[in-house]
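What follows is one structure encoded as C-alpha cells, with my remarks underneath.
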Amino acid sequence: MPHAFGALSLVPPVVAIGLALWKKQLVPALFLGVWLGEIVLSGGRVLPAFFKSVDDALRVGSAKGNIEIIVFCLLVGALLALIRESNGFQGFISWVERTRLLRSKRGVYPLTFLIGVSIFIESYSSILVNGFLMRPIYDRLGISRERLAYFLHTVSINFVAIVLVNSWGAYYMSLLATQNVESPMRLLVRALPYNFYCLASLALVGVVMATGLSIGPMRRADEAAAAGAPPADAPGDEAAGLGGARTGVAPGPLFMAAPVAVLLAGVFAALYVTGGGDILKGDGASSVLYAAVVAIPVAGALVLAKRAMSFKGVLDVLFKGMGELLPVAALLVFALTLGDVSRQLGTGLFVAGVAKQGLPAFLLPALLFGLGCVISFATGTSYGTFAILVPIALPMAAAMGVEPALVFAACISGGVFGDNCSPLSDTSIVTGMAARVPVVSHIRTQIPYALIAASAALALFAAAGFVATAL
C-alpha cells in the first residue's frame, strides 16, 4: 500500500530537488533520487536497489509515450544542427534586422507572447517553436536566455492549461467523468475564472515584459547578458552559435523558416490523424515525433537543392546534432523514472492525506492549491497531481458545501505550478533545450516569479473560498 511508506516517500524527490539546486548537476541528482526511492521500496537493500534503478529507467524510458518524447528530443537536435550549419539562424537574423518591428524589446516581447498563445494545442510545440524562432533574436539584442526561458515556459504551460480545446481539456473531461459529474463541460467553463495561478502567471509575464522587472537570479542573468557575457553552457549548447561552421553557405531565412513551418504544420496534421479526425483526441507525444520525422527530410532536401552541403555532409550534421542532445534525453529518462518511483511510493497521496485533516470549509480551495503546488513540485507532473487531487477534492467539496468549480480550479492551478517550475518537470527540461539554457539556471531564475504568482493565487483562493462559503 502507498501509505505504508509514510514520510519516507518524500525523501527521494526532496533529495533530488535539493541536490539539483545546490550542485546544479541534474542527472546525478535525479538518479540519486531514483536510487533512494528504490531503497525505500526494497526495504533498505542498497545494492539491489541500484540495479533496480537501472531496470526502472529502461522500463520507463522504453514506454511508448516516453520513448517518443526522448527520440523527438534527439531529432530536434539533428534539425537544429542542420539549420545552424546551413546558416539558417544567421539568415533569419539578417531578415529580422531588415524589419523595424524586431529591433528592440518592444517588438520581440509581444511577439514571444503571441507565438506562445497561438500554439495552444500542445505545450512542447509551443515551447520549442517559440524558442527556435526567438532565441537568436534575444541573443542579438543582449537579452538573457534565462528571461527567454521564463517567457517560453510560463506563457505556454499556463495558457495551454486554461484552453479547453486541446488535450488538457480532454483530460479534464475524463477526470470529471470518472467522478460522475453530470455536466463536465459546464463545470470546466465555470472553473476558468477561478484558475488563479495560471491567470496570475500570464498577467505577471505581461507586467515583466512591459516594465522589464528583474529580480533575484534573473537580474544577475540579465546583467551578464547585457554586458555581453557568453551564455552558460547547456546540454546541446554546441548548437548555440548562430552561424554554421560551413562558411561557404550563404545565409538564408528559408533554411530556418521552412523546417519550422513544416514542424508546426506537422504537429497539427498528426494530431488530426492520430485523433481519427479530431485534433482534441490526438496523441501529443506521437504527433511531435511524426512532425520532426517529416521536418528533417524537408530541411535536408532544401540544403541539398541549394547545393549547400553534400549528402554525406547532411548525414554527418544530423548525427552530430543528435549527439548534442543526448544529455537532454538522459534528463528526461531520469525525470520520468523518478516520477514513476514517487507514484509507487505514494508521495502525493501521503501529502494529501496529511493535509486534509481538520480543515475549515472556507480554506479548502487554498489548501488544495498549496497541496497541489507541493505535490507537483515534488513529482514534476501536473497530470499526476490532477489524478491524485481531483478524486479527493470533489467529494470533500460536496461534503463541505464548497463550490466544486472553485475546488477543481484549485487542483488545476496547484498542478500547473510544479509543471511550471520544478526541475523534475519534462516541460522544464524541454524549455532548457529550446532556450539553450541549463535547466537548473532556468529553474533558479523562474522560481521567484512563480512564487509571486502562487502567492497571489493563494490569497485569491482563500478570499474566494470565504466568499463562496459565506453566501
- Message: Cβ-Cβ distance below 6 Å, separation of 6 or more or different chains: which pairs start in the range 19-44 with a residue that is surrounded by 23 or more Cβ atoms within 10 Å (Cβ to Cβ) and end on one that is modelled with pLDDT of 85 or more and of a type in the set (D, E, K, R)?
- Response: Glu38/Lys52
- Message: I want to confirm something. Restricting to the range 261-288 and keeping residues that are among the hydroxyl-bearing types (Ser, Thr, Tyr) and surrounded by fewer than 21 Cβ atoms within 10 Å (Cβ to Cβ), which single residue is farthest from Gly88 (Cα to Cα)?
- Response: Thr274
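Quick one: would you say Ile70 is under 22 Å from the mean Cα position of the chain (by Cα) and either surrounded by fewer than 18 Cβ atoms within 10 Å (Cβ to Cβ) or under 30 Å from Ala258 (Cβ atoms) (or both)?
yes
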- helices (runs of 4 or more DSSP H) lying entirely in the range 155-228 (those with 2 or more residues that are touching a residue at least 24 places away in the same chain (Cβ under 8 Å) and closer than 15 Å to Ser144 by Cβ): 196-211, 217-226
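Could you tell me which of the residues Gly142, Gly206 is at pLDDT below 95 and among the small types (Gly, Ala, Ser)?
It is Gly142.
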- Message: Being modelled with pLDDT of 80 or more, surrounded by fewer than 16 Cβ atoms within 10 Å (Cβ to Cβ) and outside the structural domain of Ala57 (by TED's automatic domain parsing) narrows it down to one residue among Ala291, Ala301; which is it?
- Response: Ala301
- Query: Since Ala81 meets every condition but one in (1) in a helix (DSSP H, G or I); (2) more than 30 Å from Leu263 (Cβ to Cβ), which condition does it not meet?
  - Reply: (2)
- Would you pick out the residues in the range 118-131 that are under 13 Å from Val160 (Cα atoms), surrounded by 16 or more Cβ atoms within 10 Å (Cβ to Cβ) and either of a type outside the set (Phe, Trp, Tyr) or at pLDDT 85 or above (or both)? Ile119, Ile121, Glu122, Ser123, Ser125, Ser126, Ile127
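Does Ser413 meet the test of being in a helix (DSSP H, G or I), outside the structural domain of Glu146 (by TED's automatic domain parsing) and free of Cβ contacts under 8 Å to residues at least 12 places away in the same chain? Walk me through it before giving the result.
On the way: in a helix (DSSP H, G or I): yes; outside the structural domain of Glu146 (by TED's automatic domain parsing): yes; free of Cβ contacts under 8 Å to residues at least 12 places away in the same chain: no.
For Ser413, the condition - in a helix (DSSP H, G or I), outside the structural domain of Glu146 (by TED's automatic domain parsing) and free of Cβ contacts under 8 Å to residues at least 12 places away in the same chain - is not met.
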- Checking Arg100 against (1) at pLDDT below 80; (2) assigned to a helix (DSSP H, G or I); (3) surrounded by fewer than 16 Cβ atoms within 10 Å (Cβ to Cβ), the condition it does not meet: (2)
- Would a scan of the range 438-458 turn up a residue that is outside any helix (DSSP H, G or I) and surrounded by fewer than 24 Cβ atoms within 10 Å (Cβ to Cβ)? yes
- Residue tally, condition crowded, with 22+ Cβ neighbours inside 10 Å and not in a loop (DSSP other than H, G, I, E, B), over the range 377-389: 8
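The values are calculated or read from the model by the stated rules, or taken from the named source; none is laboratory data. Because the structure is a prediction, the values reported are computed rather than measured. So basically every Cβ, Gly included, is an ideal-geometry build from the backbone, and we count neighbours across all protein chains shown.
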